[in-house]
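Here is the structure we will look at.
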Protein chains: 2
Amino acid sequence: MIVALAGGVGGARLAVGLAQVLAPKALAIVVNTGDDFEHLGLTICPDIDTVVYTLAGVHNPASGWGRGEETWSFMHALRGLGGEAWFQLGDRDLAMHVLRTAALRRGVPLSELTRALSRRLGVRHAVIPMSDTPVRTRVKTAGGELAFQDYFVRLRCRPRVRGFRFAGAARARVPPPLYRLITGDAVKAIVVCPSNPYVSVAPMLHVPALRGWLRARRIPVVAVSPIVGGAAIKGPAAKIMRELGAERSAAGIARHYGPLVDGWVIDTVDAPLRGRIEALGHDVVVTDTLMPDRCASERLAREVVRFVYALARRGAR
Amino acid sequence: MIVALAGGVGGARLAVGLAQVLAPKALAIVVNTGDDFEHLGLTICPDIDTVVYTLAGVHNPASGWGRGEETWSFMHALRGLGGEAWFQLGDRDLAMHVLRTAALRRGVPLSELTRALSRRLGVRHAVIPMSDTPVRTRVKTAGGELAFQDYFVRLRCRPRVRGFRFAGAARARVPPPLYRLITGDAVKAIVVCPSNPYVSVAPMLHVPALRGWLRARRIPVVAVSPIVGGAAIKGPAAKIMRELGAERSAAGIARHYGPLVDGWVIDTVDAPLRGRIEALGHDVVVTDTLMPDRCASERLAREVVRFVYALARRGAR
């Protein structure tokens with residue numbers, strides 16, 4: 001069994017590929033909840049929804065978030081009533097937020113309702129939130145600390161980033177199915193999806209149970225670089241790296257994760273960086289890492305799984 | 001100044017007429033909240049919304065509830081996720097429920113947010129909920145007690161009614177602007193709109209402050225009969241009257257309200273009942289009470305206001 005750690009769009013795209021390559025029992029996708037937030041009284045989990053919608057094939061492939069065939073009557077009426085309209089909520093998408101919020105208020109754990117709602121959409125692989133208790137990414141800027149969606153959506157990533165804080169991570173309660181994976185011996189490898197290291201993967205690594213698991217692991221961790229040719233495919237990763245003084249390259253990312261990752265999958269355009277990453281002590285696979293469609297996702301997933309098996313076999317020797 | 005007591009569709013239609021005839025300072029519409037309920041974690045106030053939407057002209061004239069130019073993507077997605085789908089929530093309509101629920105959770109009184117949201121929609125006359133604290137109509141049936149919307153929407157008024165209970169009415173906190181009207185001397189008459197006496201008007205009459213006001217009043221109360229030719233224009237009023245053994249006619253309704261009403265407006269088809277209602281001690285005006293459009297609403301409102309003035313003048317003598 002393989003556990004994939006996924007953030008938003010990049011995570012969802014690799015997860016789709018892995019789900020095509022691996023049986024439901026052979027894959028669990030652990031998803032960042034650091035960018036969850038409360039808005040208009042609703043609990044919104046952007047990364048979970050992106051992963052679930054994408055796996056279910058009901059996502060919006062153009063935007064990367066929300067549902068396909070979406071309508072916007074709610075937002076239109078909301079503006080008419082003077083409601084906060086900086087965060088786009090599609091009419092179909094709202095069903096997820098309303099049902100989730102009602103279930104959370106009834107005391108249903110986030111992991112349980114994610115399982116139930118993703119199954120209703122036809123998702124057969126396990127999608128597990130990293131925590132059943134709230135973890136909230138806070139962005140440190142010159143102007144003070146911001147809630148993540150304030151930074152990410154309302155201010156469109158404009159403020160200069162000085163760092164991050166993951167409120168609630170230290171006390172995060174890992175969902176029971178994830179706890180069983182961490183403490184059992186079924187998982188043979190971990191895949192870090194090409195998600196933003198600072199705002200998608202870091203929250204997961206700040207959950208003590210997950211960090212401890214990765215640190216004490218006897219199984220390989222393979223990561224797909226989210227930086228290709230010095231830029232992020234989507235999102236503010238490259239801008240954040242610049243602001244934090246990190247090297248904006250696949251090698252910079254490899255240094256960022258350090259010994260938490262064993263094998264790196266980097267894009268063909270970054271082939272010249274192979275030697276530098278290997279010099280850091282990592283195995284490297286060079287391949288096309290862009291995933292514009294499901295076929296590309298599947299192809300990349302196949303390479304990742306092959307890489308994982310190779311590392312696992314070598315570790316077992 | 002005139003205070004109108006309104007329930008759903010019938011109340012909204014007369015309210016629209018009164019709002020065309022009377023200036024914003026000369027009319028306050030007090031609305032039933034007994035059919036409010038919590039659904040999918042949202043607080044829904046059907047009568048307030050019907051009155052506000054109708055006054056704002058953004059209602060659905062065909063159904064009588066909800067908004068016009070409505071879309072249904074949310075319901076479609078909700079069914080796909082296995083959510084409770086017996087209560088129809090349009091995409092535009094949802095904006096009201098979401099904003100209201102969020103505001104109530106922040107502690108904003110229902111009356112304040114009704115004022116703010118109705119003003120955003122361009123409503124200039126005061127729409128005041130009968131209570132800022134929850135009052136919930138419960139329907140007594142052979143099979144036990146039902147929440148009102150369970151009876152009204154989910155079970156489509158099929159269960160035989162044995163009576164009603166208005167949970168929370170005895171402790172209802174009348175909103176400050178309504179309290180000022182009750183305790184001041186600005187109000188010169190009260191109009192009971194042609195709303196269901198048992199489920200729209202009765203909850204208001206069970207709020208002690210309102211009942212006390214009507215009983216101790218020195219101003220006329222004029223009511224428009226919701227029963228025309230032995231039938232209700234809309235809704236289950238006639239069915240309920242039959243089940244409760246009441247006479248299904250404008251005269252039966254007049255007997256039901258008794259001395260709480262001074263003057264009755266009945267439809268031309270009920271002209272033969274005039275003598276019986278006058279014999280109960282009421283003044284009677286016979287006119288066309290159907291309100292298929294705004295012009296009809298305005299015409300009826302004008303007659304009602306003329307009647308009210310006549311009774312008020314006589315009372316002042």
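The values are calculated or read from the model by the stated rules, or taken from the named source; none is laboratory data. Note that the coordinates shown come from a computational prediction; the quantities given were computed from them, not determined experimentally. Positions of Cβ are generated from backbone atoms using ideal geometry, with glycine treated the same way; all protein chains shown enter the neighbour counts.
Of note:
- Any chance residue B:262 is buried (at least 16 other Cβ atoms within 10 Å of the Cβ), touching a strand residue (DSSP E or B) at 6+ places or on another chain (Cβ under 6 Å) and among the acidic types (Asp, Glu): yes
- Residue match in the range B:7-15 (condition: in contact (Cβ under 8 Å) with a residue 12 or more places away in the chain and within 8 Å of chain A (Cβ to nearest Cβ)): no
- Scanning the range A:9-43 for residues that are within 24 Å of residue A:165 (Cβ to Cβ), touching a strand residue (DSSP E or B) at 6+ places or on another chain (Cβ under 9 Å) and not in a helix (DSSP H, G or I) yields A:30, A:31, A:32, A:33, A:34, A:35, A:36, A:37, A:38, A:43.
- A count restricted to the range A:142-176 and to residues that are within 26 Å of residue A:112 (Cα to Cα) and assigned to a loop (DSSP other than H, G, I, E, B) stands at 8.
- Long-range neighbours under 7 Å by Cβ, at least six apart or interchain, first residue more than 7 Å from chain B (Cβ to nearest Cβ) and closer than 15 Å to residue A:37 by Cβ within the range A:75-99, second among the basic types (Lys, Arg) and in a helix (DSSP H, G or I): A:86/A:154
- Each residue in the range B:65-74 was checked for being within 8 Å of chain A (Cβ to nearest Cβ) and under 20 Å from the mean Cα position of the chain (by Cα), and 1 of them qualify.
- Taken over the range A:44-77, the criterion of being touching a Lys or Arg at 6+ places or on another chain (Cβ under 9 Å), over 26 Å from residue A:133 (Cα atoms) and in a helix (DSSP H, G or I) is satisfied by A:73, A:74, A:76, A:77.
- Candidates A:189, A:170 - the one that is under 25 Å from residue A:224 (Cα atoms) and touching a helix residue (DSSP H, G or I) at 6+ places or on another chain (Cβ under 7 Å): A:189
- Which listed residue, of A:199, A:174, A:187, A:191, is touching an Asp or Glu at 6+ places or on another chain (Cβ under 7 Å) and over 17 Å from residue A:43 (Cβ atoms): A:199
- Residue B:39 fulfils the conditions (1) more than 22 Å from residue B:138 (Cα to Cα); (2) within 10 Å of chain A (Cβ to nearest Cβ) except for a single criterion, (1).
- Yes/no for residue A:179 being touching a residue at least 40 places away in the same chain (Cβ under 8 Å), among the aromatic types (Phe, Trp, Tyr) and assigned to a helix (DSSP H, G or I): no
- Within the range B:219-245, tally of residues that are buried (at least 23 other Cβ atoms within 10 Å of the Cβ) and free of Cβ contacts under 8 Å to residues at least 12 places away in the same chain: 0
- When the residues of the range B:121-145 are filtered to those that are modelled with pLDDT of 95 or more and of a type in the set (A, V, I, L, M, F, W, C), the one that is surrounded by the most Cβ atoms within 10 Å (Cβ to Cβ) is B:130.
- Single residue of the range A:246-264 satisfying the filter (touching a residue at least 12 places away in the same chain (Cβ under 8 Å) and outside any helix (DSSP H, G or I)) that is nearest to residue A:211 (Cα to Cα): A:261
- Test: residue in the range B:48-64 that is at pLDDT 95 or above, in contact with an Asp or Glu (Cβ under 6 Å, 6 or more places away or on another chain) and either buried (at least 24 other Cβ atoms within 10 Å of the Cβ) or within 14 Å of chain A (Cβ to nearest Cβ) (or both): no
- The residues of the range A:100-123 that are over 16 Å from residue A:46 (Cα atoms), in a helix (DSSP H, G or I) and away from chain B (no Cβ under 12 Å) amount to a single one, A:112.
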